[in-house]
Amino acid sequence: MNDWLKLLPEDIAACIQDPSGVTEIRLRAGKKTTVSRGGGYAAIGRVATIEDVRGALAVATDRSVYAAETLLAQGFLTYRGGVRIGVCGECVYKGGKLAAYREVSSLCIRIPHEVDFCDRRIEAIVNRFENTLIVSPPGMGKTTLLRYMIKRLSDSGKNVLAIDERNEISASVDGVPTCDVGANTDIVLFANKRDGYVEAIRAMRPDVLATDELFGKHEVECIADAVRCGVKVLATAHSDGAARLLADPTYGALAATIRYFVTLSGKGVVASVYDGAKKNCLL
């Protein structure tokens, strides 16, 4: 249940009194480890070393950092159970593109928690699903809600295909999800959205395509292409609200394809649901 404790040195892990409530850990070489339970941070244990950071990476990558080089180039890894490990260190470029991080000196370990979104607006969307975008700043629970909605849609009988570009939605190990994504969900791992969407539509006949963290014009166009093919879409994006997101020229085109914009104000807290067709918020 708390497999993420294996990422930490045993003596530091032993300082965490109640692991079930932990939402984030910062492991920094040369500093004390800090723990958050959704509010501020508390320092625990001794000063961490660079060997502690390397040990955590070794555990997260099954002792093969090279095998995870592609993921490290994105600045984070995903560990079993959907634990996300952000990395900071020295950037390595190849051909003008970020290829990897080396001399990693600090980790941000984010621990997901299953949340039962008891919100009638979310249930209304799931029961009569239309294209939906979940919007919030980082750390508010977008992926948690995305995973919850995938499971609910899947268990209701819809064929859901998740484009899990960074293995963050399903946290699959040997191709098998360690997060519950529902009975009728298929996973495409490590594909970019363009390739994942094209192959999914051609081969898998999904009712719903789900993906995390839209970023840039190219990925917005992927959404529009899927919708034009008659497939419903469920996705997330970083912003502090639908109005600001749509005011950005890059994302404004989403207004023509997305029906519902769900904005979060905290873990498990839905702030608003904007109906783009009716131009009002669901109550």
Q) For segment 44-64, how many residues meet the condition of being free of Cβ contacts under 8 Å to residues at least 12 places away in the same chain and either part of a helix (DSSP H, G or I) or surrounded by 13 or more Cβ atoms within 10 Å (Cβ to Cβ) (or both)? A) 2
Q: Starting from residues that are in contact with a strand residue (DSSP E or B) (Cβ under 8 Å, 6 or more places away or on another chain) and among the acidic types (Asp, Glu), keep the ones in segment 11-53 and report whichever is nearest to GLU103 (Cα to Cα).
A: ASP52
Q) Of the residues that sit in segment 100-124 and are within 19 Å of GLY21 (Cβ to Cβ) and charged (D, E, K, R), which one is modelled with the highest pLDDT? A) ARG110
**Q.** Filter result (assigned to a helix (DSSP H, G or I) and touching a Ser or Thr at 6+ places or on another chain (Cβ under 9 Å)) within segment 223-242
**A.** ILE223, ALA224, ALA226, VAL227, ARG228, ALA242
Q: Please go through segment 140-171 and pick out each residue that is part of a loop (DSSP other than H, G, I, E, B) and of a type in the set (Asp, Glu).
A: GLU165, GLU168
Q) How many residues, within segment 191-203, are surrounded by 14 or more Cβ atoms within 10 Å (Cβ to Cβ) and either aliphatic (A, V, I, L, M) or in a strand (DSSP E or B) (or both)? A) 4
Q) What number of residues within segment 254-282 are touching a helix residue (DSSP H, G or I) at 6+ places or on another chain (Cβ under 8 Å), over 30 Å from ARG37 (Cα atoms) and modelled with pLDDT under 90? A) 1
Q | Test: ALA242 is surrounded by fewer than 13 Cβ atoms within 10 Å (Cβ to Cβ) and not charged (D, E, K, R) | A | no
Q: Could you grab me the full set of residues in segment 74-110 that are part of a loop (DSSP other than H, G, I, E, B) and either without any contact (Cβ under 8 Å) to a residue 12 or more places away in the chain or not assigned by TED's automatic domain parsing to the domain that holds ALA56 (or both)?
A: GLY95, GLY96
Q | Search result, residues across segment 263-282 that are surrounded by 14 or more Cβ atoms within 10 Å (Cβ to Cβ) and not in a strand (DSSP E or B) | A | LYS267, GLY268, GLY276, LEU282
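Quick check on LYS232: is it assigned by TED's automatic domain parsing to the domain that holds LEU146 and touching a Phe, Trp or Tyr at 6+ places or on another chain (Cβ under 7 Å)?
On the way: assigned by TED's automatic domain parsing to the domain that holds LEU146: yes; touching a Phe, Trp or Tyr at 6+ places or on another chain (Cβ under 7 Å): yes.
Taking the combined requirement at face value, the residue satisfies it.
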Q. Conditions: (1) touching a helix residue (DSSP H, G or I) at 6+ places or on another chain (Cβ under 6 Å); (2) surrounded by 17 or more Cβ atoms within 10 Å (Cβ to Cβ). ARG80 meets all but one. Number of the miss?
A. (2)
Q | Members of segment 111-128 found to be out of contact with any helix residue (DSSP H, G or I) (no Cβ under 6 Å at 6 or more places or on another chain), surrounded by 12 or more Cβ atoms within 10 Å (Cβ to Cβ) and assigned to a loop (DSSP other than H, G, I, E, B), listed by number | A | HIS113, GLU114, ASP119
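If a residue must be among the hydrophobic types (A, V, I, L, M, F, W, C) and under 12 Å from the mean Cα position of the chain (by Cα), how many such residues does segment 136-164 contain? Walk me through it before giving the result.
Of segment 136-164, the ones among the hydrophobic types (A, V, I, L, M, F, W, C) are 140, 145-146, 149-150, 153, 160-163.
Now narrow it down to the ones that are under 12 Å from the mean Cα position of the chain (by Cα): 140, 145-146, 162-163.
Summing the residues that are among the hydrophobic types (A, V, I, L, M, F, W, C) and under 12 Å from the mean Cα position of the chain (by Cα) in segment 136-164 gives 5.
Yes/no matrix, rows are residues, columns are (1) surrounded by fewer than 14 Cβ atoms within 10 Å (Cβ to Cβ); (2) on the phi > 0 side of the Ramachandran plot; (3) of a type in the set (A, V, I, L, M); (4) at pLDDT below 90:
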position: ALA183; (1), (2), (3), (4): yes, no, yes, no
position: LEU189; (1), (2), (3), (4): no, no, yes, yes
position: ASP212; (1), (2), (3), (4): no, no, no, no
position: GLU219; (1), (2), (3), (4): no, no, no, no
position: VAL233; (1), (2), (3), (4): no, no, yes, no
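The values are calculated or read from the model by the stated rules, or taken from the named source; none is laboratory data. Computed from a prediction, not measured in an experiment: that's the story for all the values here. Quick reminder, even Gly has a Cβ in these numbers, built from the backbone with ideal geometry, and neighbours come from all protein chains shown.
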